[in-house]
Amino acid sequence: MLIIDSDKCTACGVCESSCAFGAISVRGDCAVASDSCTLCGACVENCPEHALRIATVEKQLQADLSEYAGVMVFVEYRHGKIAPVSYELLGIGRKLADQRGVGLSAVLPGGSVGTLVQSLIVAGADVVLLAEHPMLEQFREDLYASILEMVIRERRPEVVLAGATSIGRSVIPYVATAIGAGLTADCTRLEIRKEDGMLLQTRPAFGGNIMATIECPQTRPQMATVRPKVMAPAEPDASRSGEVIRIQIPPELLQSNIDVIETVVNTEDHVNIQEFETLVAGGRGLDSAKGFALIRELAAELGGAVAASRAAVDAGWIPYPHQVGQTGKTVSPKLYIACGISGAVQHAVGMQSAEIVVAINRDKDAPIFDLATYGVVGDLYEVVPRLIQRLQESRG
Amino acid sequence: MMKILVCVKQVPDAKDVRLDPKTNTLAREGVESIMNPYDRHALEEAVAIKESQGGTVTVVTMGPPQAETVLRESIACGADEGVLISDRAFAGADTWATSYTLARAVETLGGFDLIVCGKQAIDGDTAQVGPGLACRLRVPYAACVQKTRQVSAQAIEVERMMDDGYDVLRLPLPALLTVVKDINEPRVASLKGKMRAKQAKIRQLSAADIGADPQCIGLTGSPTKVVRVFSPEPRGDRTIFSGSVDEQVDQLVACLKALI
Amino acid sequence: MDYFFTEQQQMIIDTAREITNEKIIPVRAELDEKNQFPREILQDIAKADLFSIFIPEEYGGLGGGCFEVVLALEELARGCVGVATSFAASALGIFPVLLAGSEEQKQKYLPEIASGTRWAAFGLTEASAGSDASGIRTIAVEDGDSWVLNGTKQWITNGGESQIYAIVALTDPSKGPRGASIFVVEDGDPGFSYGKKEDKMGIRSSSTRELIMKDCRIPKDRLVGRRGTGFITVMKTLDMSRPGIASLGIGLAQAALDEAVTYAKQRVQFDKPIISFQAVQHMLADMAIQLEAGRALVYAAAKHIDNHPKDMSKVSSMCKVFATDMAMKVTTDAVQVLGGSGYMKEYPVEKMMRDAKILQIYEGTNQIQRNVVGQELNKEYS
């Protein structure tokens, strides 16, 4: 709990203004904490008198942390292919492993995946742990979780990375809970602290308004998920060699409670917008569902996909999987063109990590222009057709 | 008769939370507390299943005493009872400690056929507590459910959203689901519900009531520690073009040339 | 202004406001454009218990009165008068049962209305009977255990969408005003069908349709009240419902004022927000003054009606005239404040102006309302 040293406290009120939860306030000549305190420590850091500290129950260490070594990546497989995010994870995993002077392993569960292992070695893996079985062809939470748990317990990596994808975000929290490891979701930066080799995991919080750096001082492995397109894959190196280890899966780990009745891959209207390098997004300013025809045309011209703001989805102009923002998807494409989107914070959190943002809006004061690399002030129904025309011309 | 549990969380309205660039502290001026938006969809799904199958909906939340508000809001929207898991010892819990605490509470309350959670909470956006809770309770689960197709006393059939489409899964009960907002349109709290909510007695559970191990709860029980918070870097140079539409588009195309 | 609502009244306002903000405003433009009946929204309204406000507690309602209905309608009309009209029309359609129905009829219909599982509609107007209700031609004839109805009702709100219809028909054509009776006709009754669907200027999300009775045979017990008391019940029904129409004007005018002020604050001309110009300020001030005067009158009238059920014609007509003429003026001025933008479908005020016009026409034109007030004055001073 939060301990307030009443002798040191000068009732200056700095703690009060530093608390996001309204949990500490000055009463009379001393600060008082309420039940809303989450022990986030903001007040402790800000107190000029060092009058605050957090007292906790002494934590008993679960194990000797030095027994854990190596970086492990959970490789995602679906419909005969490895998800691009897995190569990106091998890219950052390679860097972390080199900094620590340890090996990089890749765990690959799947139905018939043997032919794919070489691509993982080329992308940076030293060891590929192959869990091949027909029951693993489709993603089943319980089987994938049990196998990952088993592999992690046996191999004791210090770091485990997974994609912040549907599969990764579903199975990894289960695994982390089972083995008592700390897990940080949606990291945008991962680095090793030189002094003690600790993994520093940085991620957005509060819908992207705040960044937080997180570490796991007392538990191993240190687990993190990373969204697609946040990390760069390593340059493929065909000369690399690696070891392939086939995991013996005990039969009881192949007993699933989950019946996969059907797998539906959506076409056109259900593309995974997180996988595209160019997105053209439409918002309320389109005025109607018809406007998306224009957005589609521009997206096709650029080889990108169509995204949307919540207003456009709520209006029924385009289905939910296209939604970018707090209650939709978070995307980080190279190019994001926002057409008729005002740029409310809820939308901004979903697209602000795009490399280049182009805003097209007729209201020059729209907040989207604060997020934009380039802004075009004008009616999108004039700007977009003209842009398409110019793109076609420049292509000859 | 189905016994359904819904886990909800009271969160600061994320759009209002900012880091003061001068003091590097969180500015909470005018930050409102709301029910996590995803949890409203979880509650709606639970209430809809109750209405079609018969049964009860219990809502739990872990939080400070004022989190009681979201329990009353849930009752107004069709839940039968609310349970507040509250203790200063829970403060500072990360997702690991939270799923432990919720699991102890669920076991204390006992006997649920179905547990429904929102996909994630908008303050942390981790989406970890649902699967973590399933792990603790050793029940099958499906994350990011976009549709409930069928429910019976023995099993539930759902569509689980995937990045490239969806899978149709059948899970034996008891089971746990986390839901996305596409699954339904939450109802507006009814007048009779609001009156019931006002009078409802909210059950409270402390760390001792659920037999929590002090090593596993709150800040102590949390493997992850936040060591630094800071504002995201603002976007670098921005160029807002001027002139006629044609002129602006020409400038834009010139700037984007390298990219396209 | 603080009108000192009770806790329950505030709850009704909050609930209706949530429906408006979450369910109505996001789709109102689309409903308007597509002429689409707001079935799902009415279901949401039902789930929120708003249909039960004015139904007595013994029939599963909340036991509120005219004032409570007014509060709910005002909030719904802030979102869309078309939706609010569909809701109000159901209340209007069941008022005859509430006012004059038998115990059996009440037990049969009121709980369904309270839960919103069935909706009602009121069938009075005919091609030959608008302001002059004595022009009714629909006839009901007794035949054994049944009534047999023949005739066509015109411009019936919720026609084709409701399941329960209160139909005014002549049972003794020779007796003039004493010769009319009210019957409940249900969707699916033999000989009952729907005719032309109207394409309207405003309130386009509401359904306005012909009801056709061709040898429509219904059981004897569908007669509401005593035979020949139909017109008395019609007058009482309209007295009860007119403050509701008035409150639609209040909600609509409030929405128009909100849009106008918001726009005036952000629209910059001559380097200043246009709200800083006195010409605009005065328009907005007049809108606000008339709106608040209208609201105070409607609330006072509704409270009067709840406490003096035998003396309601005059206040009921007065508030309907004032509030709906006011709504027409305020919505027109709102379009003016928004200028060119106001005339475009992109902004909601042009719809508000179109919606406002019907309020001066339906449930008794404002000219007829003035007749009522005039006649009452004549009586009072005799």
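Read the figures in this text as sums done on the coordinates, not as results from a lab. All of these numbers come straight from a predicted model, not from anything done at the bench. Here the Cβ positions follow ideal geometry from the backbone for every residue, glycine too, while neighbour counts run over all protein chains shown.
Roughly how many debye, to the nearest 20, is the charge dipole of chain A about its Cα centre, given +1 on each Lys and Arg Cβ, -1 on each Asp and Glu Cβ, and no other charges?
Details: 34 positive and 47 negative charges, 111 e Å.
Dipole about the Cα centre, nearest 20: 540 debye.
May I ask you to list the residues of segment C:336-353 whose amide nitrogen lies under 12 Å from a point 7 Å from Cα along the Cα→beta-carbon direction of C:Glu33?
Counting only backbone N, you get C:345-347.
Compute the distance from the alpha-carbon center of segment C:1-73 to that of segment C:171-210, in whole Å.
So the two Cα centres are separated by 25 Å.
Just check segment C:121-228 against the gyration tensor rule for me: Cα atoms, a ≥ b ≥ c as the square roots of the eigenvalues, rounded for a/c under 1.5, and otherwise prolate or oblate depending on whether a/b exceeds b/c.
Numbers: a/c = 2.17, a/b = 1.41, b/c = 1.54.
It is oblate, given that a/c is not under 1.5 and a/b is not larger than b/c.
What list do you get for C:Met352, A:Met150, C:Met11 if you sort them by fewest beta carbons within 10 Å? Can you show the working numbers first?
Details: C:Met352 28, A:Met150 17, C:Met11 20.
Taking fewest neighbouring Cβ atoms as first place, the list is A:Met150, C:Met11, C:Met352.
I need two numbers for segment A:281-396: Rg to one decimal and Dmax as a whole number, Cα atoms only, in Å.
In order Rg, Dmax, the Cα atoms of segment A:281-396 give 12.8, 40 Å.
Taking the Cα centre of chain C as origin, sum charge times position over the Cβ atoms of Lys and Arg (+1) and Asp and Glu (-1), and report the length of that vector in debye to the nearest 20. The partial results should precede the final answer.
On the way: 42 positive and 50 negative charges, 186 e Å.
So the dipole magnitude of chain C works out to roughly 900 debye.
Could you work out, residue by residue across A:250-263, how many beta carbons of other chains sit within 10 Å of that residue's beta carbon, and then give the average as an integer? Don't skip to the end; give the middle numbers.
Numbers: counts 0, 0, 0, 0, 0, 0, 1, 8, 10, 8, 5, 8, 6, 8.
Neighbouring Cβ atoms belonging to other protein chains average 4 per residue here.
Using alpha carbons only, how many degrees (0 to 90, rounded to 10) separate the axis of helix B:37-53 from the longest principal axis of chain B?
Between the helix axis and the principal axis of chain B, the angle is about 40 degrees.
Which aspartates and glutamates, if any, have their Cα less than 20 Å from the Cα of C:Lys265, not counting same-chain residues under 8 positions apart?
Cross-link targets: A:Asp363, A:Asp365, C:Asp286, C:Asp333, C:Glu346, C:Glu350.
List the trypsin sites (Lys or Arg not before Pro) within segment A:363-396 that fall in a DSSP loop (any state other than H, G, I, E or B) and whose Cβ has at most 16 other Cβ atoms within 10 Å. Please list the in-between numbers first.
On the way: sites: A:Lys364, A:Arg386, A:Arg390, A:Arg395; in loops: A:Lys364.
Qualifying residues, ordered by number: A:Lys364.
When only DSSP loop residues count, what trypsin sites (Lys or Arg not before Pro) in segment A:139-185 have their Cβ near at most 11 other Cβ atoms within 10 Å?
none
Could you work out, residue by residue across A:178-185, how many beta carbons of other chains sit within 10 Å of that residue's beta carbon, and then give the average as an integer?
For this peptide, the per-residue mean of nearby foreign Cβ atoms is 5.
Based on the Cβ-Cβ distance of C:Arg178 and C:Ser131, what FRET efficiency does E = 1/(1 + (r/R0)^6) give at R0 = 22 Å, to the nearest 0.05?
Details: r = 20 Å, r/R0 = 0.91.
My answer for the efficiency is 0.65.
Compare the Cα positions of A:Ala123, C:Val349, B:Val6 along the charge dipole of the protein assembly as shown (+1 at Cβ of Lys, Arg; -1 at Cβ of Asp, Glu; about the Cα centre) and return the one farthest towards the positive end.
Checking the options against the dipole of the protein assembly as shown, the answer is C:Val349.
Taking R0 as 45 Å, what FRET efficiency do you get between A:Glu67 and C:Gln266 from their Cβ-Cβ distance, rounded to the nearest 0.05? Before the final figure, lay out the partial values.
Values: r = 63 Å, r/R0 = 1.40.
For R0 = 45 Å, the calculated efficiency reads 0.10.
Please check: in the Gaussian network model of chain A (C-alpha springs, under 10 Å), which one of A:Ala307, A:Ala42, A:Ala299 has the largest mean-square fluctuation.
A:Ala42
For segment C:80-133, rounded, prolate or oblate, judged on the Cα gyration tensor with a ≥ b ≥ c (square roots of eigenvalues), a/c < 1.5 rounded, else prolate if a/b > b/c? Before the final figure, lay out each step's value.
Working: a/c = 3.06, a/b = 1.30, b/c = 2.36.
Verdict is oblate for segment C:80-133.
May I ask you to list the aspartates and glutamates whose Cα is less than 14 Å away from that of A:Lys8, ignoring any residue fewer than eight positions away on the same chain?
A:Asp29, A:Glu49
Classify chain A: rounded, prolate or oblate, from the alpha-carbon gyration tensor (a ≥ b ≥ c, eigenvalue square roots; a/c under 1.5 rounded; otherwise prolate if a/b is larger than b/c)? Let's see the in-between values first.
On the way: a/c = 2.01, a/b = 1.07, b/c = 1.89.
Here chain A falls in the oblate category.
I'd like the distance separating the alpha-carbon centroids of segment A:112-177 and segment A:300-361, in whole Å.
With segment A:112-177 and segment A:300-361 each reduced to a Cα centre, they are spaced 31 Å.
If one takes the longest principal axis of the Cα atoms in chain C, at what angle in degrees, from 0 to 90 and to the nearest 10, does the Cα axis of helix C:278-307 lie?
Helix C:278-307 and the main axis of chain C meet at about 30 degrees.
So for B:Leu137, C:Leu297, fewest C-beta neighbours within 10 Å to most, what's the order? Intermediate results must be reported in sequence, preceding the final value.
Numbers: B:Leu137 18, C:Leu297 21.
The fewest-first ordering by Cβ neighbours comes to B:Leu137, C:Leu297.
Between A:Val32 and A:Ser6, what length comes free when the chain is fully extended (0.36 nm per residue of separation minus the Cα-Cα distance, one decimal in nm)? Please list the in-between numbers first.
Numbers: separation 26, 0.36 × 26 = 9.36 nm, distance 0.95 nm.
This chain segment gains 8.4 nm when fully extended.
Could you work out the relative contact order of segment B:2-224? I mean the mean sequence separation of Cα pairs under 8 Å and 6+ apart, divided by the number of residues, in percent.
Details: 494 pairs, mean separation 60.2, N = 223.
Computed over segment B:2-224, the figure is 27 percent.
Filter the trypsin sites (Lys or Arg not before Pro) in segment B:79-154 to those in DSSP coil with at most 12 other Cβ atoms within 10 Å of their Cβ, and list the result.
On the way: sites: B:Arg88, B:Arg104, B:Lys119, B:Arg136, B:Arg138, B:Lys147, B:Arg149; in loops: B:Lys119, B:Arg138.
Those satisfying the criteria are B:Arg138.
Based on DSSP H runs of at least 4 residues, each adding -39500 (n - 2.57), what is the mean residue ellipticity at 222 nm of the protein assembly as shown after dividing by all its residues, to the nearest 500 deg cm²/dmol?
Working: 28 runs with 376 residues, N = 1038.
Computed ellipticity for the protein assembly as shown at 222 nm equals -11500 deg cm²/dmol.
List the pairs from C:Lys310/C:Lys351; C:Lys47/C:Lys314; C:Lys47/C:Lys351; C:Lys220/C:Lys379; C:Lys23/C:Lys214 whose alpha-carbon separation is above 30 Å, in the order I gave them. Mind dumping the intermediate values first?
Working: C:Lys310/C:Lys351 37 Å; C:Lys47/C:Lys314 35 Å; C:Lys47/C:Lys351 27 Å; C:Lys220/C:Lys379 39 Å; C:Lys23/C:Lys214 38 Å.
Flagged as over cut-off: C:Lys310/C:Lys351; C:Lys47/C:Lys314; C:Lys220/C:Lys379; C:Lys23/C:Lys214.
Hydropathy first: keep DSSP H helices in chain A averaging at least 0.5 on Kyte-Doolittle, then drop any whose Cα extent along the axis falls short of 20 Å, and list what survives.
Details: long enough: A:84-100 (25 Å, -0.35); A:141-155 (21 Å, -0.04); A:166-179 (21 Å, 1.10); A:380-395 (22 Å, -0.43).
For chain A, where a helix must reach 20 Å along its axis and average at least 0.5, the hits are A:166-179.
For the pair C:Glu380/C:Ile25, report the inter-label distance in nm, with labels modelled 7 Å from Cα in the Cβ direction.
With each label point 7 Å from Cα toward Cβ, the separation is 3.9 nm.
Residues of B:167-175, mean number of Cβ from any other protein chain within 10 Å of their own Cβ, rounded to a whole number? Walk me through the numbers before you get to the answer.
Numbers: counts 12, 6, 11, 5, 5, 3, 0, 0, 2.
That average works out to 5.
What residue among B:Thr61, B:Thr239, B:Thr95 shows peak mean-square fluctuation when chain B is described by a Gaussian network model with Cα springs under 10 Å?
B:Thr239
With everything on Cα atoms, drop me the angle between helix C:349-359 and the longest principal axis of chain C, reported from 0 to 90° to the nearest 10.
Taking the Cα atoms of chain C, the angle to C:349-359 is about 30 degrees.
Fewest to most neighbouring Cβ within 10 Å: what's the order for C:Met283, C:Met240? Intermediate values should be presented prior to the final figure.
Numbers: C:Met283 18, C:Met240 25.
Ordered by Cβ neighbours within 10 Å, fewest first: C:Met283, C:Met240.
Taking every pair of alpha-carbon atoms in the protein assembly as shown, what share in percent sits in each 20 Å bin, from 0 to the bin with the longest distance?
For the protein assembly as shown, the binned pair fractions read 12, 36, 34, 15, 3, 0 percent.
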